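Let me begin by presenting the structure, written as structure tokens, before commenting on it.
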Amino acid sequence: MKPPTNSPADPYTPHSGDRRWSAVHYELRLGYRVATNRLDGTATITARAVEDLDRIVVDLHGLTVERVDVDGHRAKKVSTATHKTTVTPPGPIAAGTEFTVHVKYRGTPRPIRSPWGQVGWDELTDGVIVAAQPTGAPSWFPCNDRPDDKATYRFEITAEAAYDVLANGELLGTDRARAGTTWTYATTEPMATYLATVQIGRYRTTKLRSAVTPVTLHHPADLQAAAKTDFGRVPDMLALYADRFGPYPFGSYGVVVTDDELEIPLEAHGLAVFGRNHVDGEHGTDRLIAHELAHQWFGNSVTVARWRDIWLHEGFACYAEWLWSEHRGGDTADVLAERHRAGLLDQPQDLVVGDPGARDMFDDRVYKRGALALHAVRRTFGDRAFFAGLRTITERHRHASVAPADVLDAFAGSAGASVDAVRAVTAPWIDEPGVPELPAA
Ligand SMILES: [Zn+2]
């Protein structure tokens, strides 16, 4: 008999996720009060057993579980530890079976301390931000917190009527009642847990015209003009990336500008979040706006299966910045690649981008070397093969998980080359720590 071990789902995040089951759909009903940071939630997870299960382990952090039902019957036993809630179902669940776990929980949600700073549900001065990458999702809902365990979501979130509530997916409706306003959202595309988000604030909305997908800005009232200017190029960016990367993968694009300042902007499934400090009305953060938008293709639709492959998000989004600059008549990707290559020569050459280690997963060299690997592919095989390869990746792995081998395979196909020939081009940037020369243009 196999021992009931739970080897880490991902060695970079050893406390997160469980490979013995997989989520299909999350239904989250959250009652929240901004004034007191009080959350009362129910989560109904539709799941599938990968192995025979006599226990179900879910990720949940810092919140109190009141009751758990499995397939409509009260769980035999529920025990909670710092990162995990372990549920003993009334009877064993056979491998391959679909089951539902219904969790009633409450508490005052807080971000989780991690090697990458505080992640998850966080209070703003007057509202809420959820920035969960990579392990913050359990700060607000019970889940199987693995980047490769994508599921669909429905959110019903009730908050005080003065606030706008945003979540991933399409807004299905709002319902005003005495207890507050309930906002219902649903995603039709499967989503990784860390990309699930809630944003609450006193926002005004501005809609932008775009031929690619509807774009809505949510911003504090006083930033209307500046936000409209700064994000006014998003429709052009969407058109550029739809051309280079393939169709926009979601039904809409939302941008939230919080009234607070934020250290860095962040991307979520169908949404991006910026701080008021990122808006100057003079396009001062064009590069970041392009970067976050590009994550909708590389990161949110096409998502890594393992965190060590994070360059497949960040290298691609960084390269998208260079494409935008080139498109606007600024520095070309060639110029930017040479400049960033020179910059890398001044930094320690001790990081292997293909396995940077958990702590250095968001090191700037992961971004730059990843982008340089892509530029090396473009220079070697030409624009046609390069962009066709990018479109193959987003089409083949749309709303799914991706590994470096899939990327090599896509470029090999579009270039009419062997996978080994493509690997020979990317390996010096991804698999080795030194700074190589770029191939001749
Ligand atoms: Zn990024």
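Computed from the C-beta positions of Val50 and Asp334, the FRET efficiency with R₀ = 45 Å rounds to 0.45.
Ranked from highest to lowest mean number of other Cβ atoms within 10 Å per residue, what is the order of the peptides 188-199, 396-407? Walk me through the intermediate numbers first.
On the way: 188-199: 23.1, 396-407: 17.9.
By packing density, highest mean first, the sequence is 188-199, 396-407.
When the Cα positions of Leu351, Ala167, Thr86 are compared along the charge dipole of the chain, Thr86 comes out farthest toward the positive end, with charges on each C-beta of Lys, Arg, Asp and Glu.
Which is the longest run of the chain containing none of the GluC sites (Glu not before Pro) found in DSSP loop states (not H, G, I, E, B) with at most 16 other C-beta atoms within 10 Å? Could the numbers behind the result be given before it?
On the way: sites that count: Glu51, Glu160, Glu261, Glu263, Glu282, Glu437.
Value returned for the longest uninterrupted segment is 283-436.
The range 109-148 gives an Rg/Rh value of 0.98, both radii derived from C-alpha positions and Rh following Kirkwood. Per-residue ellipticity at 222 nm from helix content only, as computed over the chain with -39500 (n - 2.57) for each DSSP H run of at least four residues, stands at -8500 deg cm²/dmol.
Which shape class, rounded, prolate or oblate, goes with the range 295-441 when its Cα gyration tensor gives a ≥ b ≥ c as root eigenvalues, a/c under 1.5 marks rounded, and past that a/b bigger than b/c marks prolate? Because its axes are fairly even, with a/c under 1.5, the range 295-441 counts as rounded. Rounded, prolate or oblate: which one fits the range 204-296, using the alpha carbon gyration tensor with axes a ≥ b ≥ c (rounded when a/c is under 1.5, else prolate when a/b beats b/c, else oblate)? Since a/c reaches 1.5 and a/b is larger than b/c, the shape of the range 204-296 is classed as prolate. Reported to the nearest whole Å, the Cα centre-to-centre distance from the range 126-172 to the range 395-441 is 34.
Between Asn277 and Asp431, the simple label model (points 7 Å from Cα in the Cβ direction) yields a spacing of 4.1 nm. Straight-line cross-link partners of Lys150 among the aspartates and glutamates, defined as a Cα under 19 Å from its Cα and at least 8 positions apart when in the same chain: Asp10, Asp18, Glu27, Glu51, Asp59, Glu98, Glu170, Glu189, Glu267, Asp309, Glu395, Asp406. A dipole drawn for the chain from +1 and -1 charges on Cβ atoms has a positive end, and of Ala333, Phe411, Ala440 the residue lying farthest that way is Phe411.
For Thr36 and Asp350, what does the FRET efficiency come to when R0 = 45 Å and r is the distance between their Cβ atoms, rounded to the nearest 0.05? Provide the component values of the computation, followed by the final result.
Values: r = 47 Å, r/R0 = 1.05.
The formula returns an efficiency of 0.45 here.
Pairs of Cα atoms nearer than 8 Å and 6+ residues apart set the relative contact order; for the range 90-200 it is 25 percent.
I need the semi-axes of the equivalent ellipsoid of the chain: take the C-alpha gyration tensor, multiply each eigenvalue by 5, square-root it, list largest first in whole angstrom.
Here the semi-axes work out to 36, 28, 18 Å.
Reported value for the range 47-122: 97 Å³ per residue, from the convex hull of its C-alpha atoms.
Bear in mind these aren't lab numbers, they're just calculated from the coordinates by the rules spelled out. These numbers were taken from a predicted model, which means no experiment stands behind them. When we count neighbours, we look across all protein chains shown, and the Cβ atoms used for this are built from the backbone with ideal geometry, even at glycine.
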